[in-house]
Structures are given as structure tokens and as C-alpha cells.
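Enquirer: Supplied in C-alpha cells, the structure appears directly below.
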Amino acid sequence: MSKKNPNSGDQNNSKNEENALWSIVGYLLSGLVIWGGIGWGVDNWLDTSYFVLVGLLLGAGASIYLVWLRFGRD
């Protein structure tokens, strides 16, 4: 029979929270970078200047929605 460390549950919980935090940061950054990049490309293609803003807003909204889907619901 092996003895368990009484703090091992706390360590696993903090590790899971840290992993969740990095996943959330990754979702937020990737949404901004990908959709902002798409907006920048459309701006260069159509010679406009507002699709970057549209892409950044769309990316932020989509990534917040994905974070809510993965971590916010019960």
C-alpha cells in the first residue's frame, strides 16, 4: 500500500487551473492574430482600411465565445 501525499490533490488542481489559463490565453491571442490577419489581408486586397478592425473585433468575439463554450458552461 502506498502513501499519498496530502498536497497532491492541491498540486493537481493548481496544475489544471494553470493549463486552463494558458488555454484561455491561447484562444484569445489566436483569435486576434488569425482574424486580424485575415482583415489585414482583405484590406490590402481591396485597398481599404477598416477590415483590420472588423477582423480584430470578430476574432475577439469568437475567441471569447469559444472560451465560454469550453470553460464557462456547467
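Enquirer: Between a residue in region 47-74 that is over 15 Å from Val33 (Cβ atoms) and free of Cβ contacts under 8 Å to residues at least 12 places away in the same chain and any residue that is of a type outside the set (Ser, Thr, Tyr) and surrounded by 12 or more Cβ atoms within 10 Å (Cβ to Cβ), which pairs come within a Cβ distance under 8 Å, given they are 6 or more apart or on different chains?
Expert: Matching pairs, first to second residue: Thr48/Val42; Ser49/Asp43; Tyr50/Asp43.
Enquirer: If you don't mind, another one. Would you say Trp35 is free of Cβ contacts under 8 Å to residues at least 24 places away in the same chain and either aromatic (Phe, Trp, Tyr) or not in a helix (DSSP H, G or I) (or both)?
Expert: Values: free of Cβ contacts under 8 Å to residues at least 24 places away in the same chain: no; either aromatic (Phe, Trp, Tyr) or not in a helix (DSSP H, G or I) (or both): yes.
So Trp35 fails the test.
Enquirer: Separate question: So Val33 fits all but one of (1) at pLDDT below 95; (2) surrounded by 11 or more Cβ atoms within 10 Å (Cβ to Cβ); what number is the exception?
Expert: The failed condition is (1).
The values are calculated or read from the model by the stated rules, or taken from the named source; none is laboratory data. Given the structure is predicted, the values throughout are model-derived calculations rather than measurements. Because the Cβ atoms are built from the backbone with ideal geometry, glycine has one as well, and the counts that use them run over all protein chains shown.
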